[in-house]
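Step one of this worksheet: look at the structure below.
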Amino acid sequence: MILLFTYHAVSSANDPKGRDFYAVQRRQLESHFKALGASGRECVPPAALRDQRGLPSRNFILSFDDATVDHAEVVRPLLRERGWKAAFFVPTAKLNKPGYLTDAQVRELANDGHTIGFHSHEHRRLDLASDDQMREQIRRSQQIVAELIGEKPWLFAPPGGFLNEHVREVALGFGVQAIRTMRWGYNETIDLTGLETIPINRYTDDGKFRRIIEARHQTRIMYFGKQAMKSLVPTRAYERIRNLLFKLSGRN
């Protein structure tokens, strides 16, 4: 079993980003880190996915999506305090734009020992793109990350978690060794080409988080329904319905 957590932006209480569904506040992230530290689970570096021999049975991996600048300003120091290594998935077209990581910050994260994964170039949904568009999004993103960190990135997260067999095959053809989806789960059976994750959002309070790390929180049905709705409903309508359901349900 591998508990692989996915975070997005980390905001302050007055930051407009804090209204985003997947944004968490700094105090929320710190509380989660404290709970993980007290759980008896070991933070393993993402590189451990490539050779799982000796992987501790009570483990977790941290990942952060979308390359927002708080990953350098907030997350990096918190990880350094604990000696933890994480994965950062970078949509390369966003680099050096206001609110996003710079090239230098990506290099600093890599130099700290964190894994830099790629997240397509323009953060476009790949399963609906043409073959040429999809290949270019993967190729360009992987190339830019490789130029920044000095090695070809091996870890990939398709935007939105949308993954079909063709996207998988093409990514593997580019040398990808592991693909993180947005499919909720504990990776009880480990498939490196379709890793499950535990997506954290602003409704993940301390009680829910503790149940998750104790493997007592069952939310697969909600997430399967969420992904199905995401495929069928226009984006803005989907976001309104999703936020309402999570708020009313009080569940992650």
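Please treat every number below as a calculation from the coordinates, not as lab data. Only a predicted model underlies this, so the values are computations on that prediction, with no experimental measurement involved. Heads up, the Cβs are rebuilt from the backbone with ideal geometry, glycines too, and the neighbour counts pull from every protein chain shown.
Points to keep in mind about this one:
- Amide H contacts of residue 194 (H built 1.01 Å from N, in plane; Pro and chain starts excluded): 179 sit under 5 Å, all sequence-distant by 5 or more or on other chains.
- Residues within the reach of a label modelled at residue 108 (point 7 angstrom out along Cα to beta-carbon, backbone nitrogen below 13 Å), restricted to region 44-74, are 69-74.
- Those GluC sites (Glu not before Pro) in region 102-175 that DSSP places in a loop and that have at most 11 other beta carbons within 10 Å: 151
- Label-point separation, residue 177 to residue 164 (7 Å along Cα→Cβ), nm: 2.9 nm
- Projected label distance in nm at residue 81 and residue 132, using a 7 Å step from Cα toward the beta-carbon: 5.1 nm
- When the listed pairs 85/152; 94/152; 94/208; 85/208 are checked against a 21 Å cut-off, the alpha-carbon distance exceeds it for 94/208; 85/208.
- Interchain or long-range residues, amide H under 5 Å from residue 59's placed H: 3, 42
- Neighbour counts of other Cβ atoms within 10 Å put 57, 11, 39 in the fewest-to-most order 57, 39, 11.
- Approximate spin-label separation residue 69-residue 55, in nm, with each point projected 7 Å along Cα-to-Cβ: 3.6 nm
- Evaluating 6.51 cos²θ - 1.76 cosθ + 1.60 at θ = phi - 60° for every residue in region 125-138, the Karplus couplings come out as 5, 7, 5, 9, 7, 5, 4, 5, 5, 4, 4, 5, 4, 6 Hz, glycine and proline recorded as x.
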